[in-house]
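Before any comments, here is the structure.
The values are calculated or read from the model by the stated rules, or taken from the named source; none is laboratory data. Predicted model only: the values in this text are computed from it and were never measured. Glycine gets a Cβ as well: all are built from the backbone with ideal geometry, and neighbour counts include every protein chain shown. Side chains included, ligands, DNA and RNA excluded: accessible areas come from the protein's heavy atoms. Shrake-Rupley method; radii C 1.70, N 1.55, O 1.52, S 1.80 Å.
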Amino acid sequence: MKETLTHEFENAWEALDESSKKACMAFSEAYKTFLNDGKTERESAREIVKRAENKGYKPLSDYLSGKEKAVAGAKIYVVNRDKSVVLFLLGSKPVKTGLHIVGSHIDVPRLDLKPYPLYEDEGLAFLKTHYYGGIKKYQWTATPLALHGVVFKKDGTRADVIIGESDEDPVFAITDLLPHLAKDQNAKKLAEGIEGEMLNVLIGHMPAEGPKDKKDKVKALVMKNLNEKYGISEADFLTAEFEIVPAGKARDLGLDRSMISAYGHDDRVCSYTGLEAMLSLEAVEVTACGMFMDKEEVGSNGNTGSHSRFFENMVAELIALQEGQYSDLDLRRALSATKVLSGDVGAAYDPNFGSAYDKRNSAQIGRGVQLVKYTGSRGKYDCNDANAEFLNEVRNVFDASGVVWQIGELGKVDQGGGGTIAYILANANAEVVDCGVPVLSMHAPYEIVSKVDVYMTYLAYRAFLNR
Ligand code: MN
Ligand code: MN
């Protein structure tokens, strides 16, 4: 590599030779399949487990029961309540000496159904929603939507629901006001043009059979359809989990097919690259770990989020397995010696909204994986600020493996900001830095990534876990 006194970031496409360009494009095809196979945290968790099992990963319970041995090279997965997953590849060094982790999240901003969602108004049946995570509400109107969810019926049986994804399925929609009548709406602030209680999903309008004066016949037919297909009644909604997501598949974007348009790159892109990095490894010195967490978009709270003791408990289980006994001090030492890439997407510089960014310190799509020293906002509030020593270590790992990387802050200092799971593991005294894929239109129903950044992120995670 050329040494110079000044630095300019490289275009990652130009760093690829023909064979790595092919590998990059093939990687993106597999990524699109992953995106299409799982749109909710439960579906993504299931897909992660499926792929891990295909590579020889076994559930932790097999190790706890003695069926499998927790020796170097052992591949272990743990699922927490169907919504988060952790993979471990045991190293030649014991777990108590620390881990190398790539941590990401599999929940995505969306519209959740309220517990009592179904109603009829003027011959139209709607579902009431409560949005999940940071969305721009107007983006969810007048676009095809799908319903995903899980219902546990009173008799204990479970029904998994997906409507709106296959070509024959119907889709749903949230209506918007025609421009001809939108004088008042257009005068409102963008954030107020569509309000939370207006995000009602149109789900039907044909009346069920019955006397002309009978009320709510449209709602009755919706319930009849759902009951015929899934065996559920309105009361089952009260305890179910339903999510409304954009309908449709991930698509190539651009004549050059250099980008991918899809729902939920944030953060299935870092999840997939982290997963593939884990699954590419067979033997490591330091135990490698992939975390695929839930609830990041709403603050990482709850038992499936990163604040949960779940992850710590699993490391404790591994230490107990390897040492024959559990010591709290071993656990604390392990976490203190742990190094983490917090895999989350970054805000890519968008020239159409240039005034929101500090261009010099923003990531750009096509310049490779993005390192973010700190997130937080308005004076670095609430951030994890990665240590220079660790950043330099990561830089050297990336450079030694031919990873094209860049740095990026989340927009202008006073403009806003955000956080991710980095600070949570850092609070357990691990070394952590944010590292992921820059995204255009983040949190929109369809987000955009560059295929070369996805590929570089995979190479970066693999190099970090495999040293
Ligand atoms: Mn994210
Ligand atoms: Mn996000």
What size of dipole, in debye to the nearest 20, comes out for the chain about its Cα centre when the only charges are +1 on Lys and Arg C-beta atoms and -1 on Asp and Glu C-beta atoms? 360
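Between H180 and L329, what is 0.36 nm times their sequence separation minus the Cα-Cα distance? Round to one decimal in nm.
46.9 nm is the gain from fully extending H180 to L329.
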Could you look at segment 110-246 and say what percent of its accessible area is carbon and sulfur, using a 1.4 Å probe and all protein chains? 56
Could you order V413, V78 so the one with the most accessible surface comes first? Probe is 1.4 Å. V413, V78
FRET efficiency for D155 and D121 from the Cβ-Cβ distance with R0 = 35 Å, rounded to 0.05, comes out at 0.65
Given the chain, what percent of its DSSP beta bridges are antiparallel, to the nearest 5? 70
For a label point 7 angstrom out from the Cα of K93 toward its Cβ, which stretches of segment 283-301 have the backbone nitrogen within less than 20 Å? 283-291
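Would you kindly state how much longer the chain becomes between N429 and D82 on full extension, computed as 0.36 nm times their sequence separation minus their alpha carbon distance, in nm to one decimal?
122.1 nm
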Could you tell me the accessible area of K21 in Å² (1.4 Å probe, neighbours in place), rounded to the nearest ten? 80
Cα→Cβ-extended label distance, 7 Å offset, between E8 and V71, nm: 5.4
Inter-part distance where segment 1-78 and segment 399-467 are each reduced to a Cα centre, Å: 15
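Relative contact order for the chain: what is it in percent, counting Cα pairs under 8 Å that are at least 6 residues apart?
Worked out over the chain, it gives 22 percent.
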What full-extension length gain, to one decimal in nm, is calculated for Y230 and D37 as 0.36 nm per residue of separation minus the Cα-Cα distance? 67.4 nm
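Can you sort R268, R360, R257 by solvent-accessible area, 1.4 Å probe, largest first?
The ordering from most to least exposed comes out as R360, R257, R268.
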Counting only C-alpha contacts under 8 Å and six or more residues apart, can you give the relative contact order of segment 110-246 as a whole percent? 38
Could you give the accessible area per residue of segment 359-399, probe 1.4 Å, as a whole number in Å²? 53
Can you give the accessible area of F152, probe radius 1.4 Å, in Å² rounded to 10? 90
May I ask you to list the residues of segment 225-245 whose amide nitrogen lies under 19 Å from a point 7 Å from Cα along the Cα→beta-carbon direction of K215? 234-235
Over segment 110-246, give the accessible area per residue in Å² for a 1.4 Å probe, as an integer. 58
Quick check for you: which residues of segment 337-374 have the amide N under 18 Å from the point 7 Å beyond the Cα of A388 toward its beta carbon? 372-374
Which whole-number percent of Cα pairs in segment 110-246 have a distance greater than 28 Å? 21
Share of segment 365-467's accessible area from carbon and sulfur, percent, 1.4 Å? 46
Which sequence of M206, M259, M293, M442 reflects their accessible areas, 1.4 Å probe, from the largest down? M206, M442, M259, M293
Need one number: nm distance between label points at R257 and K380, each 7 Å from Cα along Cα→Cβ, rounded to one decimal. 4.5
Expressed as a fraction of 2.2 N^0.38 Å, the rule-of-thumb size for a compact globular protein of N residues, what is the C-alpha radius of gyration of the chain? 1.03
